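What follows is a set of notes on a single structure, which appears directly below.
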Amino acid sequence: MSAPLPYPALVASHAGIWLAGPDGRVGQADRREAMARAADTPHLLLNAPVTAARLGYPALSGLDVLELFAFVAPARFVVPSAAGLAGWLGLAMPADGAAEALFLRQAAGALLARVAPPDWAARAGAWNSAQSLARLGWGWAPLLLERIARPEAREPGLFESLRKWEETAPRPKPRPVVQGVGDVDAALDALRGERREVREGQRGYARAVAHAFAPRLSADGPNMVVAEAGTGIGKTLGYLAPAADYAAKSGGAVWLSTFTRALQRQLDAETVALFPDAGERAQRVVVRKGRENYLCLLNLEDAMQGAFTGRAGVFAHLVARFARYSRDGDMVGGDLPGWLPGLFSRGAGPALTDRRGECVYAACPHYRSCFIERAVRASAGADLVIANHALVMANAVRGRAEGQGLERLVFDEGHHLADAADGAFALALTGAEAIELRRWLLGPERNARGRRRGLAARLLDVSSYDEAGAAALEAVAGAARALPGDGWLGRLGEGVPDGPVEALLAAVRDVVLTRAEGVESGFTLETEIADPPGALVEAAQAAAGALERLGQACARLRARLLSVLDEPPDWLDAAAFARVTSASDGLLLRQQLLAAWGALLARIGGAGNPAFVDWFELVRHEGRELDTGVRRHWLDPTKPLADAVLAPAHGVVVTSATLGEQGVGEAHLAVVPRHFQVASPFDYARQARVLIVTDVKRGDVAALANAYARLIAASGGGTLGLFTAISRLRSVHARLADTLARQGLPLFAQHVDPVDAGTLVDLFRADPRASLFGTDALRDGVDVPGESLRQVVLEGLPWSRPTVLHAARRAANGGAAYEDALVRRRLAQAFGRLIRRADDRGVFVLLGPAVPSRLLNAFPPEVGIERVTLGEAVESVSGFIGAGCAGDGAPVSMIGGSREA
């Protein structure tokens, strides 16, 4: 066993603070002593931002063991806790905070010991990387350089070592395939193997969805299957089996679309049974996400060459280590640990991805190594492409325009399909959107670096050698100055907008502040476009004129660029050709955006289109203004979904455990889909209870905190607490975290802990006595089977927020009945977090004094539902789960001013 690193260590949790000295002595400390010691001498830490938050300290420097892990084991994951590290390193798990302080010394020593042996799997590039990190002052670098042998010969640099993609011939059209019942059953049996029991519901489900992979029956629309299958049926294998069988026999691709990253990871893991050989699997299965998820190599190069300094520079070099070993460069839900960006500045991660549409494509020196381009080309030849709803919609629209639509689609988590379409087909003319367009055209006004210098810099060849091109570029630059520039929000607040688009935004802001309710709340405000004042109409007309002139200038420049490409002059070498092509494609997208903005502005002072809902918005967070502008959404977003995505396909499956009354676009198709429904195989009468607590007053935070404290204690942790308001979540967490931690019941919280949601779920899953608070993202996206999740507590009915958009849709879809359907679906999703396996047991608790009976059919019909007092609920939870173990059943003393019985 490796020797512990003889450094001091600091552990701070809700349960207390512990300091371990270099000599191994451990003692508890208060916040003041801990902060003084940490400021004087670097300490070993585990997740410095979380430790700082526990101390109430704005920032904390030290030797973070997680950063060392990221260097030693790049592109590998560990749950960012002492228990997680212990499991990964094969060390004994610390029993308490004092043991954890000593454990950090042991874990650091074990990690450092891994870099010395010659067979260390991540040795390539490590010595040079450590040298660079030493120059940045990274505390771990000297310790690593003492142990890493200097390479005898020059090692290839990162960008030399990355795998290059190759162009391949387009795949032929898929062959027609007819899958018999025997084919589907055999495919399912082969995928399921001996590790899973036979489920007749799953077999019927697989046979039903196979219809989507049969030869298309109508030229008017796809073979469509809408399949609702209860939790536990095994939907994933149920559609994966016929999809993989179809792809293998037809030579075609199937796009498997999800809404959450968690299901993408699950799907990817399930394909190992299909393709055990990693090399074959890499060719046959590709995970695709939006560009903003992937590491941009040009951004990384800029960062490593000085664009990032200090802590941000350390992050860049750790990401470079990740890039060398990553499967696909996915920085969001891929093999970059979700906790790593959170150890550094908030914007460090996004700054290394292509979030602003500034990719120069073939003009990039790293184009042949680009993770995004590699994924695009890999998916062109893959059998199964695992993507998300938004990307599938974008690719389907783009492919249809190019005559290459997506033929076979499976939409899992289909209850989110309308929501995804709502975002994909929406339009916004806001300050943030407009300034991004200006920056793409003109470049940023300050700190210009690399390709972020606007069109003129990227098309320097054109402006230097082509007189007509230079004139067109100048015209675009002149017209683009009508868009908002840096500091636009401040100018709006001061009443001195600069230019016609800023004047429009100022007029919109004034109308919202005049008409909207809740101006004093500090939160986002909105108001309908109705009887706009004359000044706003005039501002909209002026802005529309400016946008039209910009669109015309972009069209002229694009026309000139296309003519240069059609008859290439001598000065147009390969690199210049790539830059001109990229700019031409980008200009076309911006022309389309400008035209859509013009149509939206025509609505102000003009007639509304009944297909759309338009409104003004002022985005605020805790009183701080962030954005303002005009928004447009489809009244029914499944209509463009059906027209652009579903109708051109040959086969479509839409599936979920809770489709219920939710439309998925089938009403807008000329074909009639096949519907399939199968109930969950779980014995809910035995495995679950639903308790409606009637004596917790809505809005009483002290009473709410008291209820959560008693219920968590009764279940011994293992509780997912769901809130409908972030403010209440924070208030309840503040009252409970310390008290529960002292009982050995850790409490994690979204919107409180400086950790991403995925990592919070990992921490929750890893500790059966932990509890997790969250909002709607956790209501729909958590899959925690087993003992770690045995109670779900919902703080109230999840009614919709009263927005302009919701009001319009409610009025168009049956009023109260529409709202009830939405609430039932949310309740069903929340309940669905509870029972994930046949041996799970759990209680669903809804805190609501007046829950209407008409909503209770959201729960499985056989589950027992009781209306009880809080005291009765606590007794029922303790008895049913068999937990009564929190603090050996001792009562929690005072929680938020309420005494527990």
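Tabulated data for the structure shown
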quantity: First in region 499-512 and in contact (Cβ under 8 Å) with a residue 12 or more places away in the chain, second anywhere and in a loop (DSSP other than H, G, I, E, B), Cβ under 6 Å, 6 or more apart; calculated: GLY499/ALA482; PRO500/ALA482; VAL501/ALA482; VAL501/LEU483; VAL501/PRO484; GLU502/PRO484; ALA503/PRO497; ALA506/PRO497
quantity: Odd one out for HIS751 among (1) free of Cβ contacts under 8 Å to residues at least 40 places away in the same chain; (2) surrounded by fewer than 20 Cβ atoms within 10 Å (Cβ to Cβ); (3) more than 18 Å from the chain's Cα centre (by Cα); calculated: (3)
quantity: Wholly enclosed strands (runs of 3 or more DSSP E) of region 577-690 bearing at least 1 residues crowded, with 21+ Cβ neighbours inside 10 Å; calculated: 612-621, 624-634, 651-656
quantity: Only one of LEU409, LEU441, LEU384, LEU427 that is more than 27 Å from ARG171 (Cβ to Cβ), surrounded by 21 or more Cβ atoms within 10 Å (Cβ to Cβ), modelled with pLDDT of 90 or more and in contact with a helix residue (DSSP H, G or I) (Cβ under 9 Å, 6 or more places away or on another chain); calculated: LEU441
quantity: Long-range neighbours under 8 Å by Cβ, at least six apart or interchain, first residue over 22 Å from ILE17 (Cα atoms) within region 91-115, second assigned to a helix (DSSP H, G or I) and among the polar types (S, T, N, Q); calculated: LEU91/GLN106
quantity: Selection within region 694-741 - polar (S, T, N, Q) and either not assigned by TED's automatic domain parsing to the domain that holds SER800 or not in a helix (DSSP H, G or I) (or both); calculated: THR694, THR719, THR724
quantity: VAL319 in contact with a helix residue (DSSP H, G or I) (Cβ under 9 Å, 6 or more places away or on another chain), of a type in the set (A, V, I, L, M) and surrounded by fewer than 23 Cβ atoms within 10 Å (Cβ to Cβ); calculated: no
quantity: Scan of region 466-480 for residues that are of a type in the set (D, E, K, R) and either modelled with pLDDT of 95 or more or not assigned by TED's automatic domain parsing to the domain that holds GLU436 (or both), ordered by number; calculated: GLU474
quantity: Qualifying residue in region 535-551 (condition: more than 36 Å from the chain's Cα centre (by Cα), surrounded by 19 or more Cβ atoms within 10 Å (Cβ to Cβ) and either of a type outside the set (D, E, K, R) or not in a strand (DSSP E or B) (or both)); calculated: yes
quantity: Region 644-665, subset touching a strand residue (DSSP E or B) at 6+ places or on another chain (Cβ under 6 Å) and over 18 Å from ALA214 (Cα atoms), residue modelled with the lowest pLDDT; calculated: LEU659
quantity: Qualifying residue in region 695-709 (condition: more than 28 Å from ARG867 (Cα to Cα), surrounded by fewer than 19 Cβ atoms within 10 Å (Cβ to Cβ) and out of contact with any strand residue (DSSP E or B) (no Cβ under 6 Å at 6 or more places or on another chain)); calculated: no
quantity: Residue in region 587-605 that is touching a residue at least 40 places away in the same chain (Cβ under 8 Å) and over 22 Å from LEU483 (Cβ atoms) present; calculated: no
quantity: Residues (aliphatic (A, V, I, L, M), in contact with a strand residue (DSSP E or B) (Cβ under 9 Å, 6 or more places away or on another chain) and not in a loop (DSSP other than H, G, I, E, B)) located in region 308-363; calculated: VAL319, ALA323, LEU343
quantity: Residue that is farther than 30 Å from ALA378 by Cα, small (Gly, Ala, Ser) and outside any loop (DSSP other than H, G, I, E, B), where the choices are GLY182, GLY137; calculated: GLY182
quantity: Residue within region 303-318 that is at pLDDT below 90, of a type outside the set (Ser, Thr, Tyr) and in contact with a Pro (Cβ under 9 Å, 6 or more places away or on another chain) present; calculated: no
quantity: Helices (runs of 4 or more DSSP H) wholly inside region 222-286 that include at least 1 residues being in contact (Cβ under 8 Å) with a residue 60 or more places away in the chain, more than 18 Å from HIS416 (Cα to Cα) and polar (S, T, N, Q); calculated: 235-250, 278-284
quantity: Flag if ALA9 is at pLDDT 95 or above, closer than 21 Å to ASP753 by Cβ, buried (at least 18 other Cβ atoms within 10 Å of the Cβ) and more than 32 Å from the chain's Cα centre (by Cα); calculated: yes
quantity: Test set (1) among the β-branched types (Val, Ile, Thr); (2) more than 13 Å from VAL690 (Cα to Cα); (3) at pLDDT 90 or above; (4) more than 33 Å from the chain's Cα centre (by Cα) - VAL892 fails condition number; calculated: (3)
quantity: Residue selected from region 341-381 under the condition of a type in the set (Val, Ile, Thr) and closer than 27 Å to LEU263 by Cα, by the criterion surrounded by the fewest Cβ atoms within 10 Å (Cβ to Cβ); calculated: VAL376
quantity: Test: residue in region 633-651 that is among the basic types (Lys, Arg) and either touching a residue at least 40 places away in the same chain (Cβ under 8 Å) or farther than 22 Å from ASP419 by Cβ (or both); calculated: no
quantity: Extreme residue, surrounded by the most Cβ atoms within 10 Å (Cβ to Cβ), among residues of region 513-534 that are without any contact (Cβ under 8 Å) to a residue 40 or more places away in the chain and assigned to a helix (DSSP H, G or I); calculated: ARG515
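Residue by residue, here is whether (1) out of contact with any Phe, Trp or Tyr (no Cβ under 8 Å at 6 or more places or on another chain); (2) more than 28 Å from GLY279 (Cα to Cα); (3) in contact (Cβ under 8 Å) with a residue 24 or more places away in the chain; (4) not hydrophobic (A, V, I, L, M, F, W, C) holds:
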| residue | (1), (2), (3), (4) |
| --- | --- |
| GLY338 | yes, no, yes, yes |
| PRO341 | no, yes, yes, yes |
| ARG355 | yes, yes, yes, yes |
| VAL360 | yes, yes, yes, no |
| ALA363 | yes, yes, yes, no |
| HIS366 | no, no, yes, yes |
| GLU373 | no, no, yes, yes |
| SER379 | yes, no, yes, yes |
| ALA387 | no, no, yes, no |
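Conditions (1) crowded, with 16+ Cβ neighbours inside 10 Å; (2) not aliphatic (A, V, I, L, M), marked per residue:
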| position | (1), (2) |
| --- | --- |
| LEU256 | yes, no |
| LEU263 | yes, no |
| LEU267 | yes, no |
| THR271 | yes, yes |
| PHE275 | yes, yes |
| ALA278 | no, no |
| GLN283 | no, yes |
| ASN293 | yes, yes |
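For every residue, the table says whether it meets (1) among the polar types (S, T, N, Q); (2) in a helix (DSSP H, G or I); (3) buried (at least 20 other Cβ atoms within 10 Å of the Cβ).
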| residue | (1), (2), (3) |
| --- | --- |
| ALA59 | no, no, no |
| LEU66 | no, yes, yes |
| LEU85 | no, yes, yes |
| PRO94 | no, no, yes |
| GLU100 | no, yes, yes |
| PHE103 | no, yes, yes |
| ALA110 | no, yes, yes |
| ALA121 | no, no, no |
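The values are calculated or read from the model by the stated rules, or taken from the named source; none is laboratory data. None of these values were measured; they are calculated from a predicted model. Virtual Cβ from ideal backbone geometry, glycine too; neighbours counted across all protein chains shown.
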